[in-house]
Amino acid sequence: MSTTRLGRLALLCLATFSLSFALARTSAAQDDEEEGDDEVAAAVDAGPPAPTGPPTRAGARDVTAAVGQDGMTFELHNKARLVIPPHLPIGSARRMTFAESSARFAPAEVHGAMAGSHFTRIGPVLSFDGAINASSAPVVVSIHQPSNPTRAGQNLVLAMEQATICSEGMSHIAGSTSLCSGWDILEAHYDEAAHRLSAEMRTPGGYRLVFGNLTLPE
């Protein structure tokens, strides 16, 4: 075989190899594109990522749910909200109720507990029956408030009812004949952007919750 024919044969083999290599690269690229399309389609089929944070339960005037390590967000029709953060020392799931209280409330119950003070209620009287330890992360209760309720010379507060030893002039707490109603006063805050009045509770007592303005004695 002549040198010229050998050279032509070598060139033909090289061209065939180059074409095969190019086709293989094109096929691999197409496979990668198809895999990418499959991944995009799978992401679309899966929908948006699952929301984070405690699950939500809603009700008209009251809502009850079993609260465990995931925490819980309670919502009422009047836009009152109570958020129990996750990972509190609750143990096994416990049934808890957040509600609009039907029990009679007189502002004198609160300012009577603090001599010389005066309490003016803001919003609905609420109740929460979960007496839990929230020292590691507070339970947050809030209400919708269209305008800033701050008043000069007054403090925005949450009056949180607690069971206490009875003394003269005190009223028995609902459902008890041996304990009376006492009130802890917690600082409250108004969020202008969200139009919400809120307060943090580290030791909710399991009874009524009332937002208000408190005038302290001079």
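Quick notes
- Test: residue in the stretch 104-120 that is charged (D, E, K, R), on the phi < 0 side of the Ramachandran plot and modelled with pLDDT of 90 or more: no
- In the stretch 105-119, the residues that are of a type in the set (Val, Ile, Thr) form Cβ pairs under 6 Å with partners that are at pLDDT 80 or above and not in a loop (DSSP other than H, G, I, E, B), at six or more places apart or across chains, as follows: Val110/Phe119; Val110/Ala159; Val110/Trp183.
- Subset of the stretch 162-176 [exposed (fewer than 12 other Cβ atoms within 10 Å of the Cβ) and under 16 Å from Phe128 (Cα atoms)]: Gly175
- Pairs, first touching a residue at least 12 places away in the same chain (Cβ under 8 Å) and over 26 Å from Asn213 (Cα atoms) in the stretch 164-190, second part of a strand (DSSP E or B) and of a type in the set (Asp, Glu), C-beta under 8 Å, six or more apart: none
- Options Pro89, Pro48, Pro54; residue that is at pLDDT below 85 and not in a helix (DSSP H, G or I): Pro48
- In the stretch 191-206, the residues that are crowded, with 23+ Cβ neighbours inside 10 Å and within 19 Å of Lys79 (Cα to Cα): Leu197
- The listed residue being surrounded by 13 or more Cβ atoms within 10 Å (Cβ to Cβ) and either polar (S, T, N, Q) or at pLDDT below 90 (or both), out of Leu126, Leu179, Leu186: Leu179
The values are calculated or read from the model by the stated rules, or taken from the named source; none is laboratory data. Since the model is a prediction, treat every value here as computed from it, not as a measurement. A quick note on method: Cβ atoms are made from the backbone with ideal geometry, for glycine too, and the neighbour counts reach across all protein chains shown.
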